[in-house]
Amino acid sequence: MRVLGIETGGTAVGAAVVTEDAVLAEAWLGAEQQHCRELVSLIDWCLGKAGMGPEGIEGLAVSLGPGSFTGLRIGLATAKALSLATGVPVVGVPSLEAVAAAAGPFPGPICAAVWSRPGEVYAALLAAGDGEDEWEYLLPTSALDPAVLAARLAQYGEEVLVTGEAARAVVEAAASAGALLKLASPVNRRLTASQVAYLGLRKLAAGRRDDPFRLQPLYLRPPGITRQKG
């Protein structure tokens, strides 16, 4: 199965085409807001490098967040449009699950943490479930100060692997909390379109798919700019 993955909620806007055994193509740009405008170009580039057009896509996977409000809206809109135009099934992938999966196998809990607003992170504590795409949430996805998160992680009497772009801030905050934390390797801490695509591929292979009309981003708070009621 050839799956196109789209990631627009983190610090890089990216697209990737994967199969069960390989990453056929991947492209990303640093996520300044205007780079989301390049998403379609990134998708076209990946499809070209994979030697196919949109008709060659057999599945779509898109990150749901939490993350950038604008980025997530653009990613979801693009995935929905492609799904409706081609009839290809689409699945949403919670971003923190993709971050945890990228850290690699770990025998204990994995804390995935990405940046929210200044001084705060989006985070969840997860453990691998029974299936390859299944995760058990030991702590639900929340927006927290790194020190508060570290204090909660200290309640677990076992080593926790911390990963994601905000992982170092959490580990540093844990110095006074007494938490047993292990920092994931830098190469395994990025949220990538290829990881979103792989998790999506596993969901699709298991017969799971989402209704493109109902697929929504995972927001933990309202946008910073809202329309005033008149």
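For this structure, a couple of remarks:
- Entry comment: accessible area of the stretch 119-194 is 48 Å² per residue, from protein heavy atoms only and a probe of 1.4 Å.
- Only the Cβ atoms of Lys and Arg (+1) and of Asp and Glu (-1) were treated as charged; on that basis the dipole of the chain about its Cα centre amounts to roughly 740 debye.
- Summing +1 for each Lys or Arg and -1 for each Asp or Glu among the other residues whose beta-carbon sits under 11 angstrom from that of residue 167 gives +2.
- Total formal charge among the other residues, if their Cβ is under 10 angstrom from that of residue 15, Lys/Arg +1 and Asp/Glu -1: -4
- For the chain, the calculated P(r), taken from all Cα-Cα distances in 5 Å bins from zero up to the bin holding the longest distance, is 1, 7, 15, 19, 19, 15, 11, 7, 3, 1, 0 percent.
- Rounded to the nearest 5, the antiparallel percentage of DSSP beta bridges internal to the stretch 97-214 is 70%.
- Among beta bridges from DSSP that stay inside the chain, the antiparallel ones total about 65%.
- Förster radius 45 Å - calculated FRET efficiency between residue 86 and residue 138 (Cβ-Cβ, nearest 0.05): 0.75
- Prolate/oblate/rounded label for the stretch 1-137 (Cα gyration tensor, a/c 1.5): oblate
- The share of accessible area on the chain that comes from carbon and sulfur is 52 percent, using a 1.4 angstrom probe.
- For residue 191, net neighbour charge (Lys/Arg +1, Asp/Glu -1) across residues whose Cβ lies under 11 Å away: -1
The values are calculated or read from the model by the stated rules, or taken from the named source; none is laboratory data. What you are looking at is a predicted structure, and each value in this text was computed from that prediction instead of being measured. Reconstructed Cβ throughout: ideal geometry from the backbone, glycine too, with neighbour counts over all protein chains shown. Protein only, heavy atoms only, side chains kept; ligands, DNA and RNA dropped before computing areas. Shrake-Rupley method; radii C 1.70, N 1.55, O 1.52, S 1.80 Å.
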